[in-house]
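Visitor: Have a look at this one.
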Amino acid sequence: MRESKILCHCCSVLLVLLLVAPAAGDLIPIDFSPFHNSRMQGEKGSAEYPEGDLVLGSIPFSIPAGGNNRWDAQNTSPNPHQINIPVDLYGVEAVYTLISTSWGQSGGPYAALEFYGSDGAFFRKDLYGNVDIRDWLWGYWTNSINGATTVNVFQSSGGFYYQARLDMQIIALPAAFRSQRLSTIRAIDTGALNFQRMLLYGITVKGIPDTPCVVDLAHFARFAARWLEAPCGGENDNCGGADLDRSGDVTLVDLRLFLDEWLHTCPPDWPWQ
């Protein structure tokens, strides 16, 4: 009875510790610098554009400081102008992009994003002018966004034809991506010069970061299920691994060994890898 009460108390303490522990970051900026072919601060009104590791619309982005830091579809050929950006992250449920256009057309679509999963999942997001995307400059071309799945996250000082803008697209992926890796994002542009061309500044995904095995509450549940079990040995895999000291039964000694590893990376011989 005393040992059972001790286990219940430890379970409560570990649950509290798990709940107050910092959660692993799941908003992950994607590096697509090999495709950068122009600098976002290089045009009139754009000198105030932010760069570096920053937060826009509550989402972290990484925009390299100095040098080229965006993909400009105008600087590639032939149509469709497109790039395949490797991601390779598991369980992605949402993607946040910073996309504007040079010039712009209402309707379309003349731009799109395609998402490819490691086990066949696929999703295409068409980007419509004056809904999902608009001209980077407040001027004579497209000037509207829907304010829901596309929101403004930055605008510079200056007035008409001198105010630069940065909009964020919020893209929810289908449930199929939860159980596989997001392998690739393809950015596609089918516009033209003095018509519409995509400008891609940043990509961040909400997924499950690759992390090592950590001794956590799931492990404790497996340990607790074997509490006070005996005899332990090779015939029952040392009581499902809970007999950590290999003494032949699961006791307070094993609980102490378990607590010594709590929220640490799993040791090489840990039974629940």
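Visitor: Does the range 103-158 hold any residues that are in contact with a helix residue (DSSP H, G or I) (Cβ under 6 Å, 6 or more places away or on another chain) and surrounded by fewer than 20 Cβ atoms within 10 Å (Cβ to Cβ), and which are they? Spell out the reasoning first.
Guide: Here is the first cut: in the range 103-158, the ones in contact with a helix residue (DSSP H, G or I) (Cβ under 6 Å, 6 or more places away or on another chain) are 117, 121.
None - no residue of the range 103-158 is in contact with a helix residue (DSSP H, G or I) (Cβ under 6 Å, 6 or more places away or on another chain) and surrounded by fewer than 20 Cβ atoms within 10 Å (Cβ to Cβ), so the list stays empty.
Visitor: Then there is this: Consider residue 188 carefully, then state whether it is assigned to a strand (DSSP E or B) and in contact with a Pro (Cβ under 9 Å, 6 or more places away or on another chain).
Guide: Numbers: assigned to a strand (DSSP E or B): yes; in contact with a Pro (Cβ under 9 Å, 6 or more places away or on another chain): yes.
Answer is yes for this residue.
Visitor: Can you confirm whether residue 145 is closer than 16 Å to residue 102 by Cα, among the aliphatic types (A, V, I, L, M) and assigned to a loop (DSSP other than H, G, I, E, B)?
Guide: Values: closer than 16 Å to residue 102 by Cα: yes; among the aliphatic types (A, V, I, L, M): yes; assigned to a loop (DSSP other than H, G, I, E, B): yes.
Against the criterion (closer than 16 Å to residue 102 by Cα, among the aliphatic types (A, V, I, L, M) and assigned to a loop (DSSP other than H, G, I, E, B)), residue 145 qualifies.
Visitor: Now a separate question. Give me the strands (runs of 3 or more DSSP E) completely within the range 1-116, filtered to those with at least 3 residues that are modelled with pLDDT of 85 or more and of a type in the set (Val, Ile, Thr), ordered by residue number.
Guide: Details: elements: 27-29, 52-56, 59-63, 81-103.
It comes to 81-103.
Visitor: Moving to a separate point now. State yes or no: is residue 199 touching a Gly at 6+ places or on another chain (Cβ under 9 Å) and aliphatic (A, V, I, L, M)?
Guide: Details: touching a Gly at 6+ places or on another chain (Cβ under 9 Å): no; aliphatic (A, V, I, L, M): yes.
Taking the combined requirement at face value, the residue does not satisfy it.
Visitor: How many residues, within the range 50-81, are closer than 20 Å to residue 111 by Cα and either without any contact (Cβ under 8 Å) to a residue 24 or more places away in the chain or of a type in the set (D, E, K, R) (or both)?
Guide: Going residue by residue through the range 50-81, those that are closer than 20 Å to residue 111 by Cα are 69-81.
Checking which are either without any contact (Cβ under 8 Å) to a residue 24 or more places away in the chain or of a type in the set (D, E, K, R) (or both) leaves us with 70, 72, 77-78.
Total satisfying the criteria: 4.
Visitor: Working carefully through the options 121, 47, find the one that is closer than 22 Å to residue 172 by Cβ, in the same structural domain as residue 194 (by TED's automatic domain parsing), among the small types (Gly, Ala, Ser) and touching a residue at least 24 places away in the same chain (Cβ under 8 Å).
Guide: Unique residue meeting the criteria: 121.
Visitor: Got a number for residues in the range 205-260 being in contact with a Cys (Cβ under 7 Å, 6 or more places away or on another chain), part of a loop (DSSP other than H, G, I, E, B) and modelled with pLDDT of 90 or more?
Guide: Qualifying residue count for the region: 7.
Visitor: Could you tell me whether residue 97 is closer than 21 Å to residue 196 by Cβ, crowded, with 16+ Cβ neighbours inside 10 Å and in the same structural domain as residue 182 (by TED's automatic domain parsing)?
Guide: Details: closer than 21 Å to residue 196 by Cβ: yes; crowded, with 16+ Cβ neighbours inside 10 Å: yes; in the same structural domain as residue 182 (by TED's automatic domain parsing): yes.
When the stated conditions are applied, residue 97 passes them.
Visitor: Which members of the range 117-137 meet the condition of being over 24 Å from the mean Cα position of the chain (by Cα), closer than 17 Å to residue 40 by Cβ and at pLDDT 95 or above?
Guide: Selection gives 134, 135.
Visitor: Assuming residue 216 fulfils every condition listed in (1) touching a strand residue (DSSP E or B) at 6+ places or on another chain (Cβ under 9 Å); (2) under 24 Å from residue 89 (Cα atoms); (3) surrounded by fewer than 21 Cβ atoms within 10 Å (Cβ to Cβ) apart from one, which condition is it?
Guide: (1)
The values are calculated or read from the model by the stated rules, or taken from the named source; none is laboratory data. Since we're looking at a predicted model, the values are computed, not measured. Heads up, the Cβs are rebuilt from the backbone with ideal geometry, glycines too, and the neighbour counts pull from every protein chain shown.
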